[in-house]
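In what follows, a structure is listed as structure tokens, so that the remarks can point back to it.
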Amino acid sequence: MSKTPSTFNQPLGGNEMPRFGGPATMMRLPAQDSAAGLDAAFIGVPFDIGTSNRPGARLAPRQIRDESRMLRPYNMATRAAPFDSLQVADIGDVPINTFNLHKSMAIIESFYDQVLEQGCRPLTLGGDHTIALPILRAMRKKHGPVGLIHVDAHADINEHMFGEEIAHGTPFRRAVEEGLLDCNRVVQIGLRGTGYAADDFDWSREQGFRVVPAEECWNTSLVSLMEEVRAKIGGGPVYISFDIDGIDPAYAPGTGTVEIAGLTVPQALEIIRGAWGLDIVGGDLVEVSPPYDPSGNTALLAANLLYEMLCVLPGVQRR
């Protein structure tokens, strides 16, 4: 899009309006009803009826937006200048059906179909991880099977949960079965904890995924890992799906299925910043549960990680 920086939407600055005032949008950006004219959009999906343990992720989009009010336009570490490069707005929430999971899947998929038809790259404020499935269904229609960077404590490849094929522990099993993923271009980072069987993560490896257990990440930088990831999944469209429980609960306690000994916040930044140069077609940040986040720190982290995803989208300039 050939525009000068002054023609792009800008977050409302802290010297124009106190940080605790102004619009309750992501980064206090302008709001739009659709993705028309946008290069990237923040979208909320207030959905948690696929959750198996602690609920509350339906409240996360609003809380993440609130905690995003301290974010400023320029990334001081990478010098990324997304608001000098792309037209970005907050286009609100997907109107899911609170009482029907399957109808909600169709509603979400249709919403993202329309966003992608506009040539817009969506960044999603979840919501539980079930929402990745309808988003990937929409991605498949636009881009074909996509590569995936999946950060999570859990592989989310269950065959079923309580006999149900669609829940927050099954999206990537369904995505493989439906041909939504380019399986040789998928990496799962941060998997850990206890399981139902010793080979619980082996199904991912059998599909061609690169599986990086949390233990491989302990006490080390992930810069070299991301060099490997770029080599594996480059050359095609890539989607980022980031479950906040991939981060250790010392940093992100406000989530539904907590596991100890997870990634650190600097490692999370290394993962997302390490995706720079890939054809990122969208991303999500899921599983924040505000009722278990009394300090707001989990939502604050989520807001920052979504901003970092914006900073690695194609077309973002570095100053």
Step by step: first the residues of the stretch 125-140, then only those that are more than 18 Å from Val88 (Cβ to Cβ) and not in a helix (DSSP H, G or I), then the one that is nearest to the chain's Cα centre (by Cα). Which residue is that? Gly126
List the number of the failed condition for Tyr196; all other conditions in (1) at pLDDT 95 or above; (2) more than 17 Å from Phe47 (Cβ to Cβ); (3) open to solvent by 10 Å² or more (accessible area, probe 1.4 Å) hold. (1)
Consider only pairs whose beta carbons are under 6 Å apart and that are at least six residues apart or on different chains; among these, list those whose first residue lies in the stretch 126-138 and is open to solvent by less than 10 Å² (accessible area, probe 1.4 Å) and whose second residue is among the aromatic types (Phe, Trp, Tyr). Gly127/Phe47; Ile131/Phe47; Ile135/Tyr112; Ala138/Tyr112
Do we have Ile64 as surrounded by fewer than 24 Cβ atoms within 10 Å (Cβ to Cβ) and in a helix (DSSP H, G or I) here? no
Among (1) under 30 Å from Glu159 (Cβ atoms); (2) open to solvent by less than 10 Å² (accessible area, probe 1.4 Å); (3) part of a helix (DSSP H, G or I), there is one condition Pro122 misses while meeting the rest; what is its number? (3)
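For every residue, the table says whether it meets (1) assigned to a helix (DSSP H, G or I); (2) touching a residue at least 24 places away in the same chain (Cβ under 8 Å); (3) at positive phi.
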site	(1), (2), (3)
Asp245	yes, yes, no
Ala250	no, no, no
Ile272	yes, yes, no
Ile280	no, yes, no
Asp284	no, yes, no
Pro291	yes, yes, no
Ala299	yes, yes, no
Leu305	yes, yes, no
Met309	yes, yes, no
Is it fair to say Thr170 is modelled with pLDDT of 95 or more, among the polar types (S, T, N, Q) and closer than 28 Å to Arg54 by Cα? yes
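Residues are listed down the side, and each one gets a yes or a no for (1) at positive phi; (2) touching a strand residue (DSSP E or B) at 6+ places or on another chain (Cβ under 8 Å); (3) part of a loop (DSSP other than H, G, I, E, B):
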site: Pro18; (1), (2), (3): no, no, yes
site: Phe42; (1), (2), (3): no, yes, no
site: Thr78; (1), (2), (3): no, yes, yes
site: Ile91; (1), (2), (3): no, yes, no
site: Ala106; (1), (2), (3): no, no, no
site: Glu109; (1), (2), (3): no, no, no
Could you list, in sequence order, the residues of the stretch 172-210 that are assigned to a helix (DSSP H, G or I), touching a strand residue (DSSP E or B) at 6+ places or on another chain (Cβ under 8 Å) and either closer than 16 Å to Leu136 by Cα or among the acidic types (Asp, Glu) (or both)? Phe172, Ala175, Val176
When residues of the stretch 93-104 are filtered for being in a loop (DSSP other than H, G, I, E, B) and under 16 Å from the mean Cα position of the chain (by Cα), how many remain? 1
For the stretch 66-78, indicate whether the set of residues that are touching a Phe, Trp or Tyr at 6+ places or on another chain (Cβ under 8 Å) and more than 28 Å from Leu12 (Cα to Cα) is non-empty. no
Cβ-Cβ under 7 Å pairs, at least 6 apart or on other chains, the stretch 72-96 side among the aromatic types (Phe, Trp, Tyr), far side in a strand (DSSP E or B): Tyr74/Ala81
Considering residues of the stretch 141-154 that are over 12 Å from Asp243 (Cβ atoms) and part of a loop (DSSP other than H, G, I, E, B) only, the residue least open to solvent (accessible area, probe 1.4 Å): Gly144
Scanning the stretch 177-193 residue by residue, those β-branched (Val, Ile, Thr) and either touching a residue at least 60 places away in the same chain (Cβ under 8 Å) or surrounded by fewer than 16 Cβ atoms within 10 Å (Cβ to Cβ) (or both) turn out to be Ile189
Exclusive hit being of a type in the set (Ser, Thr, Tyr) and open to solvent by 10 Å² or more (accessible area, probe 1.4 Å), set Ser104, Ser110: Ser110
Kindly indicate the residue of the stretch 45-61 that is β-branched (Val, Ile, Thr) and in a loop (DSSP other than H, G, I, E, B) and also surrounded by the most Cβ atoms within 10 Å (Cβ to Cβ) among those meeting that condition. Thr51
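The values are calculated or read from the model by the stated rules, or taken from the named source; none is laboratory data. This is a predicted model, so every value here is computed, not measured. All Cβ positions, glycine included, derive from the backbone under ideal geometry; neighbour counts span all protein chains shown. Heavy atoms of the whole protein, side chains included, go into the accessibility calculation; ligands, DNA and RNA do not. Shrake-Rupley method; radii C 1.70, N 1.55, O 1.52, S 1.80 Å.
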